[in-house]
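Only the coordinates and a few stated rules stand behind these numbers; no lab work does. None of the values given here were measured: they were computed from a predicted structure. Cβ: placed from backbone, ideal geometry, glycine included. Neighbour counts: every protein chain shown.
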Amino acid sequence: MTDRPPPTPHRPARDLPAPPFHLKPIVLRSDAPRADVAEFVRQLASVTRNPHLARVAASLGKPGGRPPADDADALCQVAWLIESGAATSVEAAARYVARTLDGEHSQDAAATRLARKFRRQKPPHKTT
């Protein structure tokens, strides 16, 4: 076993010197919007000139993932198939419609997306 020095007690915040830079005051909570956190990290990166913080700030400012697909017409077709009785379930209707969509890489993924979006609609879609 190695001898480790005893842990030093934590100094209270009042004993710490003021930082050599000034940041715009911001309250960061665990549920803070990404834009607020990105702005805080961007300020910190510019003051400290830390390239790693600048990279983190750039990644925080961007929304993640792909842009949402516009499936309004496809969801109308799913609703029509269900209401007309041509499809017995939401999944079956979504599979029928997914086969007709252009630019989809995977029909299974498109069918899953359409079924999920159809179930999440509030109120349920009505065709007339």
Expected sort for 45-54, 88-97, 106-115 on mean C-beta neighbours within 10 Å, highest first, is 88-97, 106-115, 45-54
For region 72-120, what ratio Rg/Rh do Cα atoms give with a Kirkwood hydrodynamic radius? 0.93
Pseudo-spin-label distance Ala54 to Asp36, built 7 Å along Cα→Cβ, given in nm, is 2.7
